[in-house]
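Working notes, structure below.
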Amino acid sequence: MKALKPGAMRAGASMAQGPLCRRCALAILVLFGGGVSRASAQPDDLAALFEPGTVFSVGALAGTGPRFQGARRASLWGLPYLSFRRADDVAEWWSPDDGLDADLIGQGPLRVGPVLDLRDGRSIRDTQHLPGLPVIPLSVGLGLFGELWFAEDTLRLRTEVTQGIRAHDGILIKLAGDAIGRFGRFTLSGGPRLVLADAASERLDFGVPESARGLRPYEPKGGLRSGGLGGALAYDWSERWQTLVYSRYDRLVFEAARSPIARRFGSVDQISVGVGAIYSFHRMP
């Protein structure tokens, strides 16, 4: 059972913009104030926190990616990691771009429950060369996720549907497919990624108001935002230590790709990479 893991590296590994300290502060607030991830709602599961031998895993991930949606320039991102499981449970596979979630249905191959993701912002520094382009604060989206496993710990399909906490943030739908292979101490995983957005979300990230100077006004519609690939390679040095590398490529399409933000000042190719380390230990009696 997992609790409090970093996720929400959304289209183009979405944590990659703005000052690193601000991103980490928001991540810590959400992770430690927002509840548990992959924790069943059943009391006996939560009781594992206090059982002798419970395995806790702590770590961090850091990397680089686009400063904001559609940006060409990159900046750093960083997130903490925390999970726990019973001593007799097998360590659960996860993807670094999963959102924070909690299982309400977790029987057999199907898992369903609430999910939270962190959404990109756009700072004053990002818009200093684009007068009139609005600043977008970092935010979160709340919604539901669903996972379907076709083969245990081998092939997974996942969907996340979230609404931004502000009404004009809009809706994002993230689709992911992952094949997972274990080769000795190595675990290789990866697969396709799709992101869809409604009109409100597209306008927020890629719209251009009439007040912007030097750019033609642009009001995108909703639809498919991007398609790409994500993957990770983990290595278990021992029962206690694991390291991993992560990468993701997204190609903006349709309304997002036609935005002046991406065409004139950014890029339709969004690439993110990251590295992480996780340390596991047993709770003493």
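The values are calculated or read from the model by the stated rules, or taken from the named source; none is laboratory data. Everything numeric in this text was worked out from a predicted model, so none of it was measured. FYI the Cβ positions are ideal-geometry reconstructions off the backbone, even for glycines, and counts take in every protein chain you see.
Pick from the range 101-120 the residues that are surrounded by fewer than 17 Cβ atoms within 10 Å (Cβ to Cβ) and in contact (Cβ under 8 Å) with a residue 40 or more places away in the chain: which of them is farthest from the chain's Cα centre (by Cα)?
Pro109
Being surrounded by fewer than 19 Cβ atoms within 10 Å (Cβ to Cβ), among the acidic types (Asp, Glu) and closer than 29 Å to Ile124 by Cβ is the requirement here; does Glu210 meet it?
Details: surrounded by fewer than 19 Cβ atoms within 10 Å (Cβ to Cβ): yes; among the acidic types (Asp, Glu): yes; closer than 29 Å to Ile124 by Cβ: yes.
Answer is yes for this residue.
Do we have any residue at all in the range 252-261 that's surrounded by 21 or more Cβ atoms within 10 Å (Cβ to Cβ) and under 21 Å from the mean Cα position of the chain (by Cα)? Can you show your working first?
Applying the first criterion (surrounded by 21 or more Cβ atoms within 10 Å (Cβ to Cβ)) to the range 252-261 yields 252, 255-256, 259, 261.
Pick out the ones that are also under 21 Å from the mean Cα position of the chain (by Cα) and you get 252, 256.
Within the range 252-261 (the criterion being surrounded by 21 or more Cβ atoms within 10 Å (Cβ to Cβ) and under 21 Å from the mean Cα position of the chain (by Cα)), the answer is yes, since at least one residue qualifies.
Collect the residues in the range 130-173 that are over 20 Å from the mean Cα position of the chain (by Cα) and either outside any loop (DSSP other than H, G, I, E, B) or of a type in the set (Ser, Thr, Tyr) (or both), keeping them in residue-number order.
Correct list: Phe150, Ala151, Thr154, Ala167, His168.
Pro96 fails exactly one of the following numbered conditions: (1) crowded, with 23+ Cβ neighbours inside 10 Å; (2) part of a strand (DSSP E or B); (3) at pLDDT 85 or above. What is the number of that condition?
(2)
Looking at the range 257-271, can you tell me whether even one residue there is of a type in the set (Gly, Ala, Ser) and closer than 23 Å to Thr154 by Cβ? Talk me through it step by step, then tell me what you get.
Step one: filter the range 257-271 for residues of a type in the set (Gly, Ala, Ser), giving 257, 259, 262, 266-267.
Those still in the list that are closer than 23 Å to Thr154 by Cβ too: none.
No, that holds for no residue.
From the residues in the range 121-176 that are closer than 30 Å to Gly190 by Cα and modelled with pLDDT under 85, which one is surrounded by the most Cβ atoms within 10 Å (Cβ to Cβ)?
At the first step, the residues of the range 121-176 found to be closer than 30 Å to Gly190 by Cα are 121-122, 138-165, 169-176.
From what's left, modelled with pLDDT under 85: 151-153.
Details: Ala151: 10, Glu152: 11, Asp153: 13.
Selected residue: Asp153.
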